[in-house]
Structure formats: structure tokens, C-alpha cells
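Colleague: The structure follows.
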Amino acid sequence: MPHFDAPLEELGLLAQTAGYAVADRVTCKRRAPDPALFVGSGKADEIKLLAQSTGASEVLFDQSLSPAQQRNLERHLGMPVNDRTLLILEIFAQRARSHEGKLQVELARLQYLSTRLVRRWSHLERQSGGIGMRGGPGETQIELDRRMIGDSIKRTKERLEKVKKQRATQRRQRERRDTFSISLVGYTNAGKSSLFNGLVKARAYAADQLFATLDTTTRQLYLGEAGRSVSLSDTVGFIRDLPHGLVDAFAATLQEAADADLLLHIVDASNPSHLEQIASVMGVLKDIGADQVPQILVFNKLDAMDEAHLPHVLSDQMELDGQPMSRIYVSAKTGEGLPALRARLAAQVTNLNGGQGPMTPGAFPEIESPVS
Ligand SMILES: Nc1nc2c(ncn2[C@@H]2O[C@H](COP(=O)(O)OP(=O)(O)OP(=O)(O)O)[C@@H](O)[C@H]2O)c(=O)[nH]1
Ligand SMILES: [Mg+2]
């Protein structure tokens, strides 16, 4: 396919991350989704034929399907049908490692479940046969499920509350130590963990997968120029239309970012959709109350950028919503730009400590280095 369809490309990556192999892709143009099947019935037949000829065992939709559309499609196609939200929830469920992470995912999935009356979650246990194949549960079963889900949500919230309290205590201890904290934030797969490793010589898990990182990792980073250490945190990646349940569930983890003294917003500069990705990240930062934290845009993957898009200087300002933002180009892979980034961080730490308030654009000498 010569045509680059960014959302579908991303759905494919999500599917691979969740452990699927992509058999084929279909796009469809419609003015409004069909209330019953989401796509028209002709398109549904086409998908069915394609699925049969490619040996697909499941169909994934990029858009959110209503519970009814999902059910109807499963019946029509004769195989399990899922949407992007469920795929993201599934990846989070597979990835969660820490106690807190597991509780957060559990909460998000219970909340998703509570909006769908049928027992959908058994899908995650990867049983043979789709959910749609089993007859829908009767009324009483649904009522029972509802009550059980309600109880579980309450219990999970209580347990999360406890973990959160512990976290708050830890944070207060850190604050007492007067640590300057920097959080790496950004779209999933932008290279946050790679950059984190490059800066602190750690070995955080970095992979060409979406949501490789779910738990926050924090390390000390010594900045020679500033003569002091700061704490650097690698965090969970963002994605466009992050399911609401997940934003709520991960509020505590994301809170790390909101409490940071400085955000390094990592961008995959080689991705054709990087501007949309920046906008998504800004949206989430606003949602979690982190939009006032000083921010530096770090355009990563300089080595993989198109010749035509290569910057003339490695450090400049970028206008975002009418606001000038500091931007610095680096490559976590080749290490290019990392010394300049360290110097910039050192300057920032000294500046903020000097009581000059939030980052002022242009407060630092531009580091001009032509790209060969
Ligand atoms: N070419 C190139 N690839 C890079 C660079 N930095 C990271 N990558 C690759 O991009 C992919 C994602 O990197 P990660 O560091 O896991 O990205 P992340 O932002 O932590 O991703 P999540 O934790 O999944 O949100 C990996 O395959 C890296 O090897 C870079 O500077 N250049
Ligand atoms: Mg990561």
C-alpha cells in the first residue's frame, strides 16, 4: 500500500504489540456510521470475505464501536470484533507489572466492562471462539454481573487509594530532600525510555512497541554544569483518544508528571504524524493539570528524519498555539545532541533555582550546530 494511513498504521502497531499478526487492512468512507453495523452491509460482506480468504481470526476497528454494533458485527462476520479502546486496554493489561499498575488497569477494565452489559472481558483470557458465539446472558445474569462489577470497582478503588497514599508519602519525602524533578513525557514509541537510558546510563525497557513502559522509573541524573543531581523519571506514553477509563485509572502515575519541576516532551520527529501526536500529548497534559509545568520539546530520532525535513539548527523555538516553546533536536540512538540537552537542563535547573520563575523563551543562548 503506497498510501500512508496514519491511524490505521498505528492500529497495526497496537495490534502487533498486543500479540496479533496483521492479516490485512481495509478502509472505508462513510458520511455517518451505520447504527447497526457501523459500516454498510456491503462493506461488512467485503470484510467477511477478506477475513475468510486471509485466514483472519478476529477483526479490529480503529473507531469506538457501540456495544450493539460490536455484537451485530460479530454475528455478521462470524468472528470476534474489537475496537481500539479494547486493544489499548488489553495491552495495558498484558504490560502492567507493579502492584499499582495492575490495580489501575483492573479499574479501567472494570469501568469499561460496566458500560457494556455482556461479559466481554473473557476475551482477554484468549479463549477459543469469540464472545459473540456464546449466546447473550439472560437478564438476571446481567443484573448479577452489574452488581459484581460495581462491587469490584469499589474494592479496587479502595486498594488503589491505599497505594496512592503510600506514593504521596514517598513524594513528600522526596520533596523534603529538595530534589529538582524532571519527567519525560510524550507520545508512545517516541523514544522516552531510550533517551532516559542515554541520559542516566540505565537499562529501562525500550522496544519498538506501543506502551513498552507502564511504570514510572526514576533515577538520579548528575548535571556537571549545574554541579548537582536532579531526578529523572521515565513515564507511560500517551496516545490519541486515550480511553477515559485509563486516564482516570492512571491519574496517580500521571500525577508524577504534573508534580515535576520540568517536563521533557519527547517527540518522534521522524513520524509523519508528529504534529498531531504533540497535540494529543498537550491535551492529556492539560487533562491531568500539567500544562503549566515548564516544558522543553525534545525532537528525537534526528537520525531517522527525512533529508528534506532536517533542521538547520539543533536548538530553536517552535510556535505551539501561539506560544513559543524551546525545542532541541537529539538522537537517542546515535547520541547526537545529548550533550547539548544536558547543558540545557543544567541551565534550566540553575535558572529555576535562581527564583526567576518559569522558563522564559530565549533565556538561553541558542546552540547552533549545522546538520551535515
Ligand atoms: N532511529 C531511531 N530510533 C529510535 C531513537 N530513539 C528510540 N528509537 C526507537 O524507537 C522505539 C521506541 O523507543 P522507546 O524508548 O521504547 O520509546 P518510548 O517512548 O519509551 O515508548 P513507550 O514506553 O512504548 O511509550 C525503539 O525501537 C527504539 O529503538 C532514535 O533516536 N533514532
Ligand atoms: Mg518507554
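Colleague: Below 25 Å, Cα to Cα, which lysines can K43 reach? Residues fewer than 8 away in the same chain don't count.
Modeller: K29
Colleague: Past 28 Å, Cα to Cα, is the threshold; run K164/K192; K157/K286; K165/K301; K48/K102 against it and keep the listed order. Each step should come with its number before you reach the end.
Modeller: Numbers: K164/K192 24 Å; K157/K286 24 Å; K165/K301 38 Å; K48/K102 36 Å.
Pairs exceeding 28 Å: K165/K301; K48/K102.
Colleague: For K333 and S152, what is the calculated FRET efficiency with R₀ set at 56 Å and r taken between the beta-carbons, to the nearest 0.05? Intermediate values should be presented prior to the final figure.
Modeller: Values: r = 43 Å, r/R0 = 0.77.
FRET efficiency, K333 to S152: 0.80.
Colleague: Tell me the Kirkwood hydrodynamic radius of the stretch 179-353 in angstroms, computed as one over the mean inverse distance between distinct C-alpha pairs.
Modeller: Details: mean 1/r = 0.0622 Å⁻¹.
Roughly 16.1 Å, rounded to one decimal.
Colleague: Net charge around L77, counting only other residues with Cβ within less than 15 Å of its Cβ (Lys, Arg = +1; Asp, Glu = -1)?
Modeller: Details: positive: K43, K48, R71, R75; negative: D24, D34, D45, E46, E58, E74, D83.
Computed value for this residue: -3.
Colleague: Something else about it: What's the extension gain from R30 to D241 if we count 0.36 nm per residue and subtract their Cα-Cα distance? Please list the in-between numbers first.
Modeller: On the way: separation 211, 0.36 × 211 = 75.96 nm, distance 2.06 nm.
Contour length minus the Cα-Cα distance gives 73.9 nm.
Colleague: Counting Lys +1, Arg +1, Asp -1, Glu -1, what net charge surrounds V293 among other residues with beta carbon under 9 Å of its beta carbon?
Modeller: Values: positive: none; negative: D259, D261, D291.
Net of charged neighbours comes to -3.
Colleague: I would also like to ask the following. Sequence-distant or interchain residues sharing an amide H contact under 5 Å with V330, placed H: which?
Modeller: The answer is F299, N300, K301, L302.
Computed from the coordinates by the stated procedures, all read-outs in this text should not be read as laboratory data. Because the structure is a prediction, the values reported are computed rather than measured. Positions of Cβ are backbone-derived with ideal geometry, glycine not excepted, and every protein chain shown enters the neighbour counts.
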